[in-house]
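The structure appears right after this line, and notes come after that.
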Amino acid sequence: MKPYFSSCNIYVGSRSHFVRKMEVYYKQFGGSFKFIWRLWFYMVLNISMINILVRAEKVDSGGFVLYCPCMGRFGNQADHFLGALGFSKGLNRTLVLPPWVEYRYGELRSIQVPFDTYFKVEPFLKYHRVLTMENFMKTVALEIWPPQKRIAFCYTARGDGNGCNAKEGNPFGPFWDTFDVDFVASEFYGPLHYDIYHHDMSTKWNEKYPAHQWSVLAFTGAPASFPVQLENRELHRYMQWSELIWKQAHDFIKQELPTGAFVGIHLRNGIDWVRACEHINYSPNLFAAPQCLGYQNERGIATTEMCLPSKETIVRQLKRVLRNVKGAVAVFVASDSNHMISDLTEAVKRMEVTVHRLEPPNPHVELAILGQSNHFIGNCISSFSAFVKRERDTHGLPSSFWAFPTERVSANANQSHDEL
Ligand code: GDP
Ligand code: MN
């Protein structure tokens, strides 16, 4: 079993200490009766102490936060996850790491992928107490969250009727079904909200829902905002790819890309995106746009070029970056639809740069590869791009965006020393 609880470290610590003590005892008493009695006494004492420690830690007296990542695909869920992590820390409740919700073409029900398929669990423990939902259900839930105590939390009523209807629709139903969870009641927590960095919100939650009465807060959706709140962005540092993803990304870079520096680009251009971008003029801060424009549009408003850059913009910016990245020999293209491989290959041919993609596609491996590039160009509006930008920021690696800052501003910025 993986060491999900910090007490497991204590457990391991006591064990080796125990063995060392035993050796000392053995030397001192050389197999006498006295030794056996002392050994027996010591063992009983140790086992009961370990049990107490493990139990105390397992059933976290601060309580637990549970939620369904029921909105959007990976990028949205990752934004929400960071918010939920900050929220749980604020309330001093253990965060139960939910599986990632995925949608397969032609399937009516979502698929739940265990959290640790994509990310390591251990790094989060440096920040806060967490455990996977699979583990929570197998251990803690049996004790503190029996079927008759399962209450769904939501801000106000949703769906048909006047409860949370936490299992109504997809992925709501399939998500909780994965763990055989049904709810017996609903709890509306409004007007409380998730911004624990203001308004003394954590205290308000803990006053209304003290952990000794409400050991589990099970949310119908993520207890977080979208896009991610500024204060929670830096929690991305604890998101580290699992070995499974990491190895595939690493192998691709080593085996498929020529040796040297490479530029990673994200081209978000599928039909759903083309439709979303049509609304950009009415939504000047659409989706992940605040990563470029600021949360109050203090750095401008979203444009169609930012959302769906033209071929000219892509080629021009890519060439500019390639000229500036020392020793650049390759471009890695990640896309949900059109990778523009032949157009880009043609455009950078004279620079002796080759253009690559991952086949078959794998969004998580592609994200991990983009994270490793020498320079990344992403899409301001896309939360998929935002994931890469955050990861790179935590490592101090350079990134830029399509059509941002707008040309006029960047021309000025090039002339003056006031870089934006
Ligand atoms: P957003 O819609 O761009 O904000 O990001 P989301 O992650 O919420 O939804 C987009 C989804 O499209 C992703 O989760 C992926 O499944 C898919 N997708 C988007 N860009 C790429 C890409 O570059 N490569 C692959 N393989 N899939 C992508
Ligand atoms: Mn999306």
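The values are calculated or read from the model by the stated rules, or taken from the named source; none is laboratory data. What you are looking at is a predicted structure, and each value in this text was computed from that prediction instead of being measured. Positions of Cβ are backbone-derived with ideal geometry, glycine not excepted, and every protein chain shown enters the neighbour counts.
All of (1) more than 23 Å from Trp241 (Cα to Cα); (2) modelled with pLDDT of 95 or more hold for Val388 with one exception: (1).
For (1) closer than 30 Å to Gln255 by Cβ; (2) at pLDDT below 95; (3) surrounded by fewer than 21 Cβ atoms within 10 Å (Cβ to Cβ), each residue gets a yes or a no:
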{"position": "Glu278", "(1), (2), (3)": "no, no, yes"}
{"position": "Leu293", "(1), (2), (3)": "no, no, no"}
{"position": "Arg299", "(1), (2), (3)": "no, no, yes"}
{"position": "Glu305", "(1), (2), (3)": "no, no, yes"}
{"position": "Asn324", "(1), (2), (3)": "yes, no, yes"}
{"position": "Val331", "(1), (2), (3)": "yes, no, no"}
{"position": "Asn338", "(1), (2), (3)": "yes, no, yes"}
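Please find, within region 374-391, the residue that is farthest from Phe252 (Cα to Cα) out of those that are over 14 Å from the mean Cα position of the chain (by Cα) and more than 13 Å from ligand 1 (Cβ to nearest atom).
Step one: of region 374-391, the residues over 14 Å from the mean Cα position of the chain (by Cα) are 374-382.
Next cut, more than 13 Å from ligand 1 (Cβ to nearest atom) only: 374-375.
Working: Asn374: 15, His375: 17 Å.
Result: His375.
Summed over region 230-277, residues that are under 19 Å from Phe401 (Cβ atoms), more than 16 Å from ligand 2 (Cβ to nearest atom) and among the aromatic types (Phe, Trp, Tyr) total 1.
Of all residue pairs spaced 6 or more apart or on separate chains, those with beta-carbon atoms under 7 Å, a first member in region 158-175 that is at pLDDT 95 or above and a second member that is among the acidic types (Asp, Glu) are Glu168/Asp160.
Would you list the helices (runs of 4 or more DSSP H) that sit entirely within region 280-378 and hold 1 or more residues that are of a type in the set (Lys, Arg)?
Values: elements: 290-293, 304-307, 311-324, 341-348, 363-372.
It comes to 311-324.
Looking at region 338-364 only, could you name the residues that are touching a strand residue (DSSP E or B) at 6+ places or on another chain (Cβ under 8 Å) and among the hydroxyl-bearing types (Ser, Thr, Tyr)? Answer for region 338-364, where residues must be touching a strand residue (DSSP E or B) at 6+ places or on another chain (Cβ under 8 Å) and among the hydroxyl-bearing types (Ser, Thr, Tyr): Thr345, Thr354.
Just for region 353-376: of the residues that are of a type in the set (A, V, I, L, M, F, W, C) and either surrounded by fewer than 24 Cβ atoms within 10 Å (Cβ to Cβ) or more than 15 Å from Gln317 (Cβ to Cβ) (or both), which one is nearest to ligand 2 (Cβ to nearest atom)? So, considering only residues that are of a type in the set (A, V, I, L, M, F, W, C) and either surrounded by fewer than 24 Cβ atoms within 10 Å (Cβ to Cβ) or more than 15 Å from Gln317 (Cβ to Cβ) (or both), the one nearest to ligand 2 (Cβ to nearest atom) is Leu367. Of all residues in region 294-313, none satisfies being out of contact with any Phe, Trp or Tyr (no Cβ under 9 Å at 6 or more places or on another chain), of a type in the set (Phe, Trp, Tyr) and either within 16 Å of ligand 2 (Cβ to nearest atom) or under 29 Å from Thr117 (Cβ atoms) (or both).
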